[in-house]
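Inspection log for the structure reproduced underneath, given as structure tokens.
The values are calculated or read from the model by the stated rules, or taken from the named source; none is laboratory data. As the structure is a prediction and not an experimental result, all values here were calculated from the model. Backbone-built Cβ (ideal geometry, glycine too); neighbour counts: all protein chains shown.
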Amino acid sequence: MIDQLGSPGQWEREALNSILLEHVKEQRRTRRWGIFFKLLVVLFMLGGVYAFYNRDLQQPVITTQAHTAVIDVVGEIGVGEEANADNLRSSLKLAFENKQVKGVVLRINSPGGSPVQAREVYGYIRELRVKYPEIKVYAAIRDMGTSAAYLIACAADSIYSDKTSLVGSIGAKIDSFGFVDVMHKVGVERRLYTSGKHKGILDPFLPRTVEEDAFINEQLRVVLNAFIDNVREGRGSRLRETPEIFSGLFWSGEQALNLGLIDGFGDAQYIAKEIIKAENLVDYSPSTNFLDRFARRVGASMGTALSSEMGFAQKGVR
């Protein structure tokens, strides 16, 4: 028997095709909804991570009222760090060009870092003070303001800290390791090919020489003298020089006051309220995007853990 649909069994095939097509459509809908919900979960997790890694970061405040600009100088000072010359100069420029800014506070919590980066910031602050004489700059040292961080502080009109802050460490250093004796004991031979007599200077697997030690000490002397010039220029007659003041030692805030390294005790809030007379604080600190901060923090944590496990420290000039 031939029905209206055509040849025998044709309607069964068409019914089966219809069922299969509907099944495919349903699978596609399910897959789309699955992808949608997975994206929601990923976004939710990223939001949580973002909140966690930004929990201690102050967000910029936009205001048309008179205020005190605060710029954080936190952590290592150097290229690739949040506290680098380019970032700090951008923040300083924004603060000084805002007509509502009545004063600038450098909120410092740093052990130091690159003398070059610090001197760039120092020079820029001195330029801005000449260009905008009505805006005073203050440094507020928190836990620590030493080495290159103190160099930056010296560009300010006045420096404040807590009695227990660590201040000073005016000096320069180069640190490395020496594994020569260890290599001899284990029977390892160092093979280093260079294009110049001193190209392997500071190589931890080569012995020191009197000539190279003298050369390194001379470079440190040049850096130290530049540092001393900045401190003397910034502190002027307030600095009470002693034989140890430029020895690399650091002092508590209370001792630093007696030495003329700082001008008094107080934090950013105190300076804004009692000295600048504009207690509304606005954060002009350098900001980086979330992914950069996340990668830097994870990388720093892993690097610190690895260095701690192996007993190594980063070499550099301070």
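Quick check: anything in the stretch 266-277 surrounded by 14 or more Cβ atoms within 10 Å (Cβ to Cβ), in a loop (DSSP other than H, G, I, E, B) and within 24 Å of the chain's Cα centre (by Cα)?
Filtering the stretch 266-277 down to residues surrounded by 14 or more Cβ atoms within 10 Å (Cβ to Cβ) leaves 266-273, 275-276.
Narrowing further to those that are in a loop (DSSP other than H, G, I, E, B): 266-267.
With the extra rule that they be within 24 Å of the chain's Cα centre (by Cα), the set shrinks to 266-267.
Yes - at least one qualifying residue is present in the stretch 266-277.
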Look at residue 205 and say whether it is in contact with a His (Cβ under 8 Å, 6 or more places away or on another chain) and either over 23 Å from residue 157 (Cβ atoms) or loosely packed, with under 15 Cβ neighbours inside 10 Å (or both).
-> no
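Select, from 208, 221, 191, 142, the only residue that is free of Cβ contacts under 8 Å to residues at least 40 places away in the same chain, of a type in the set (Lys, Arg) and under 30 Å from residue 88 (Cβ atoms).
Working: 208 fails: under 30 Å from residue 88 (Cβ atoms); 191 fails: under 30 Å from residue 88 (Cβ atoms); 142 fails: free of Cβ contacts under 8 Å to residues at least 40 places away in the same chain.
Being free of Cβ contacts under 8 Å to residues at least 40 places away in the same chain, of a type in the set (Lys, Arg) and under 30 Å from residue 88 (Cβ atoms) holds for just one of 208, 221, 191, 142, which is 221.
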Screening 121, 137, 104 for residues that are over 18 Å from residue 232 (Cα atoms) and of a type in the set (A, V, I, L, M) leaves only 104
All-but-one check, residue 157 against (1) free of Cβ contacts under 8 Å to residues at least 60 places away in the same chain; (2) more than 30 Å from residue 232 (Cβ to Cβ), failing number (2)
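Which residue out of 231, 298 is at pLDDT below 95, assigned to a helix (DSSP H, G or I), surrounded by 11 or more Cβ atoms within 10 Å (Cβ to Cβ) and among the aliphatic types (A, V, I, L, M)?
Numbers: 231 fails: at pLDDT below 95.
So the residue among 231, 298 that is at pLDDT below 95, assigned to a helix (DSSP H, G or I), surrounded by 11 or more Cβ atoms within 10 Å (Cβ to Cβ) and among the aliphatic types (A, V, I, L, M) is 298.
Restricting attention to the stretch 170-179, does a residue exist that is basic (Lys, Arg) and modelled with pLDDT of 90 or more?
Here is the first cut: in the stretch 170-179, the ones basic (Lys, Arg) are 173.
With modelled with pLDDT of 90 or more added as a condition, the list becomes none.
No, the stretch 170-179 contains no residue that is basic (Lys, Arg) and modelled with pLDDT of 90 or more.
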Looking across the stretch 123-156 at residues that are assigned to a helix (DSSP H, G or I) and of a type in the set (A, V, I, L, M), the single one that is farthest from residue 98 (Cα to Cα) is 148
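With respect to residue 109, determine if the residue is surrounded by fewer than 20 Cβ atoms within 10 Å (Cβ to Cβ), in contact (Cβ under 8 Å) with a residue 60 or more places away in the chain and within 13 Å of the chain's Cα centre (by Cα).
Taking the combined requirement at face value, the residue does not satisfy it.
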For the stretch 30-51, does any single residue satisfy the condition of being in a strand (DSSP E or B), at pLDDT 65 or above, surrounded by 10 or more Cβ atoms within 10 Å (Cβ to Cβ) and not acidic (Asp, Glu)?
no
Only unsatisfied item for residue 233, checking (1) in contact with a Gly (Cβ under 8 Å, 6 or more places away or on another chain); (2) touching a residue at least 12 places away in the same chain (Cβ under 8 Å); (3) among the acidic types (Asp, Glu), is (1)
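I need the full set of residues from the stretch 228-287 which are touching a strand residue (DSSP E or B) at 6+ places or on another chain (Cβ under 6 Å), over 24 Å from residue 64 (Cβ atoms) and among the aromatic types (Phe, Trp, Tyr), in order please. Steps first, answer last, please.
Of the residues in the stretch 228-287, the ones touching a strand residue (DSSP E or B) at 6+ places or on another chain (Cβ under 6 Å) are 250-251, 253, 256, 261-264, 266-268, 271-272, 276, 278, 280-285.
Checking the rest, the ones that are also over 24 Å from residue 64 (Cβ atoms) come to 250-251, 253, 256, 261-264, 266-267.
250, 251 - these are the residues of the stretch 228-287 that are touching a strand residue (DSSP E or B) at 6+ places or on another chain (Cβ under 6 Å), over 24 Å from residue 64 (Cβ atoms) and among the aromatic types (Phe, Trp, Tyr).
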